[in-house]
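This report concerns only the one structure given below.
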Amino acid sequence: MVVGNREKDVNLVATDDPEAMKPYMDLHTVDGDPVPWPDDGEAVICNNLADDFDIAIGDRISLRDEDRNLVEVTVSGIYENFVYNYVLTTPATLEAGWGYKPETKTAYVHLNVAKDDDAAIHQAAARIMDLDRVVTVTVNNDLRNRVNNMMQSMNYVIILVVVCAGALAFIVLYNLTNINITERIREIATIKVLGFYPKETSAYVFRENIFLTAISALVGLGLGTWLLSFIIDQIQVDLMCFKDEISVLSYVLAYALTFVFSALVSAAMYGKLNKISMTESLKSIE
């Protein structure tokens, strides 16, 4: 594929029977709207290519064959895809530009077996490999398993990041609360002299923490969402596309965990409040 002065190797799929491709390719936008197969003179590209080359619907791109023959097409749709880069068009489009009908090099085969029946899948792949004119066989189930294993490995990294972030949040909250109590020892001792019970004293001090935690958590959720989108945009993987989608449960858990850490800090500092002597209120300010 050629766009301006930039070139990129892509998987080119051209067929006269779009209906036959539906079991293998579910064409839809990022929002879930269906994307029709392109007409003659048009092409549909995956969202990774569109983002990488800043292509929009209606733009013109060129497709080059091995002999460097070019055919210019109009982008009629952009569909969501996560693995590899695909450009979809029709054989008539390629023939009109390249001057010859492209040779069929790939056949899609759907096996009527269970997805987890690896033995049957690889037996069928071996039988297809024994056929004449078959050079190689790619099992999509193997690719799916590799991607799933990679995502599972990333889950461990995510868990480590969450644990480290939680530990950092606890340490920061603990230090801030400790400094707050230390600088207000005379004030806290004074309210004890006035007859405040231990629970009333702790509520007097920790009420501010709860209020600040609520505001900080809301601000943090907004900044975290922006930071995630920024990081995903910076991850440039040639053959893979990542989607920055956050579920409502993730927001709820993040907000709730922030209050859990705040509650743990309050429980840890409760003993220090009780140990403050009422005679501190009689000390002169240094």
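So which residues in region 111-134 are within 29 Å of the chain's Cα centre (by Cα) and open to solvent by 70 Å² or more (accessible area, probe 1.4 Å), if there are any at all?
Of the residues in region 111-134, the ones within 29 Å of the chain's Cα centre (by Cα) are 114-116, 118.
If the condition is that a residue be within 29 Å of the chain's Cα centre (by Cα) and open to solvent by 70 Å² or more (accessible area, probe 1.4 Å), then K115, D116 are the ones that fit.
Of everything listed in (1) closer than 22 Å to D233 by Cα; (2) touching a strand residue (DSSP E or B) at 6+ places or on another chain (Cβ under 8 Å); (3) at pLDDT below 90, the single unmet condition for I78 is (3). Screening Y84, Y79 for residues that are within 29 Å of the chain's Cα centre (by Cα) and on the phi > 0 side of the Ramachandran plot leaves exactly one candidate, Y84. Candidates in region 195-215 are the residues that are loosely packed, with under 12 Cβ neighbours inside 10 Å and outside any helix (DSSP H, G or I); of these, the one that is nearest to the chain's Cα centre (by Cα) is Y197. Applying the selection to region 23-75, what residues are assigned to a loop (DSSP other than H, G, I, E, B), surrounded by fewer than 18 Cβ atoms within 10 Å (Cβ to Cβ) and more than 27 Å from the chain's Cα centre (by Cα)? Within region 23-75, D39, D40, G41, G58, D59, D65, E66, D67, R68, N69 qualify.
Of all residues in region 216-237, those satisfying the criterion of being open to solvent by 100 Å² or more (accessible area, probe 1.4 Å) and either among the aliphatic types (A, V, I, L, M) or assigned to a loop (DSSP other than H, G, I, E, B) (or both) are L218, L223, Q236.
Contact map, region 135-153: first residue open to solvent by 100 Å² or more (accessible area, probe 1.4 Å), second residue modelled with pLDDT under 80, Cβ cut-off under 9 Å, separation 6 or more or different chains; pairs are R144/K115. When restricted to residues that are open to solvent by 40 Å² or more (accessible area, probe 1.4 Å) and outside any loop (DSSP other than H, G, I, E, B), region 166-194 contains 18. Looking at A20 and the list (1) outside any loop (DSSP other than H, G, I, E, B); (2) modelled with pLDDT of 85 or more; (3) surrounded by fewer than 16 Cβ atoms within 10 Å (Cβ to Cβ), which single condition is not satisfied? Here A20 meets the rest and fails (2). Scan region 99-113 for residues that are touching a residue at least 12 places away in the same chain (Cβ under 8 Å) and either outside any loop (DSSP other than H, G, I, E, B) or more than 24 Å from V147 (Cβ to Cβ) (or both) and the total you get is 2. Apart from one condition, A96 fits all of (1) open to solvent by 80 Å² or more (accessible area, probe 1.4 Å); (2) not in a helix (DSSP H, G or I); the exception is (2).
Of all residues in region 76-93 being in a loop (DSSP other than H, G, I, E, B) and in contact with a Phe, Trp or Tyr (Cβ under 9 Å, 6 or more places away or on another chain), which is surrounded by the most Cβ atoms within 10 Å (Cβ to Cβ)? Looking at residues that are in a loop (DSSP other than H, G, I, E, B) and in contact with a Phe, Trp or Tyr (Cβ under 9 Å, 6 or more places away or on another chain), I get T90.
Across region 238-258, the qualifying residues are those that are polar (S, T, N, Q) and either open to solvent by less than 50 Å² (accessible area, probe 1.4 Å) or assigned to a helix (DSSP H, G or I) (or both), and the one among them that is nearest to V30 (Cα to Cα) is S250. For region 1-17, does any single residue satisfy the condition of being in contact with a Lys or Arg (Cβ under 7 Å, 6 or more places away or on another chain), of a type outside the set (G, A, S) and in a strand (DSSP E or B)? Yes - at least one qualifying residue is present in region 1-17.
The values are calculated or read from the model by the stated rules, or taken from the named source; none is laboratory data. What you are looking at is a predicted structure, and each value in this text was computed from that prediction instead of being measured. Glycine gets a Cβ as well: all are built from the backbone with ideal geometry, and neighbour counts include every protein chain shown. What goes into the accessible areas is simple: the full protein's heavy atoms, side chains included, and nothing from ligands, DNA or RNA. Shrake-Rupley method; radii C 1.70, N 1.55, O 1.52, S 1.80 Å.
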